[in-house]
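Bear in mind these aren't lab numbers, they're just calculated from the coordinates by the rules spelled out. Please read these numbers as outputs of a predicted model, since none were measured by experiment. Counting neighbours? That spans all protein chains shown, and the Cβs are built from the backbone with ideal geometry, glycine included.
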Amino acid sequence: MSPEFGSECFKYILNAANFTESDWLFFLANDSVGNPYLSRFNCGDSMVIASPTTLRYVKVLVDVLTLFDVEKIRTVTEIGIGYGGQCRILRNFLPLARYNLVDLPEVLALAEKFLTALNVTGDDVRYLDGTHLYNDAPCDLLISDYAFSELGKPAQKVYLEKILSKSKAGYVTWDGDFFAEAGLYDGLTLEEFMSILPHDATVLPENPVTTSETNRVVIWGAK
């Protein structure tokens, strides 16, 4: 993610939340593993040196804390996990009993290495092979930033059956339209996706915007 996007995330976070110095030290520990690209971000009297990706993860945390009744969130399932940074941050701020990470085996191995390096271990973190979802995975909150909306329809059908239909609440960043315009997407349209979700599902603009103004955030089960 670009420094410009990181800067917009930093402004978003400062405007919407009041994290302590200790919180920020915790967030920035994500950047202590793997030698990520770091930038300096300024907003008013505040400054941070971080990777844009870490700021993206904090931005999602802010949205979750704002949009959902976090006291009811005991289980989170994340589809498309990157390197595990979102898991680490959410796990520290929610009263979780379980965090399910769903992705390809190679991605799961990377995330496990990252999380183990930062002492995120234990039976409450589960690594689920997204290519072999044999069992239902119900959860209180489903998170998928870009991943679900980049899958083909056969894979989406499995995820809908095993995970999304069992999720009491959801936060899905949708970029399918962006890839469809480039001829690189054959999955559900946003309209088709919305027709499957609970009646309280809502479409929000993505803020800040990553790749395209057509990106959206779909939520359901909000407070």
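Find out how many positive minus negative residues lie around LYS72, taking Lys and Arg as positive, Asp and Glu as negative, among other residues whose Cβ is under 13 Å from that of LYS72.
Combined, the nearby Lys, Arg, Asp and Glu give 0.
If you take every DSSP beta bridge whose two residues both sit in the chain, what share of them, in percent to the nearest 5, is antiparallel?
Details: 14 of 32 bridges.
Around 45 percent of the beta bridges assigned by DSSP in the chain are antiparallel ones.
Given their separation in residues at 0.36 nm each and the Cα-Cα distance between them, LYS72 and ASP45 gain 6.2 nm when the chain is fully extended.
Each helix, a run of at least 4 DSSP H residues, gives -39500 (n - 2.57); summed and divided by the residues of the chain, these come to -11000 deg cm²/dmol at 222 nm.
Determine the gain in length on full extension of the stretch ASN207-ALA222; use 0.36 nm per residue of separation and subtract their C-alpha separation, reporting nm with one decimal. Numbers along the way, then the final one.
Values: separation 15, 0.36 × 15 = 5.40 nm, distance 1.74 nm.
Stretched fully, the ASN207-ALA222 segment lengthens by 3.7 nm.
List the pairs from LYS11/LYS223; LYS153/LYS223; LYS162/LYS223 whose alpha-carbon separation is above 27 Å, in the order I gave them. Can you show the working numbers first?
Details: LYS11/LYS223 24 Å; LYS153/LYS223 30 Å; LYS162/LYS223 24 Å.
Cα-Cα > 27 Å for LYS153/LYS223; rest within.
Where a ≥ b ≥ c are the square roots of the eigenvalues of the C-alpha gyration tensor, would you call the range 28-120 rounded, which needs a/c under 1.5, or, failing that, prolate if a/b is larger than b/c, or oblate?
Oblate.
For the range 100-161, chymotrypsin sites (Phe, Trp or Tyr not before Pro) meeting the loop criterion (DSSP other than H, G, I, E, B) and having at most 15 other Cβ atoms within 10 Å: TYR134.
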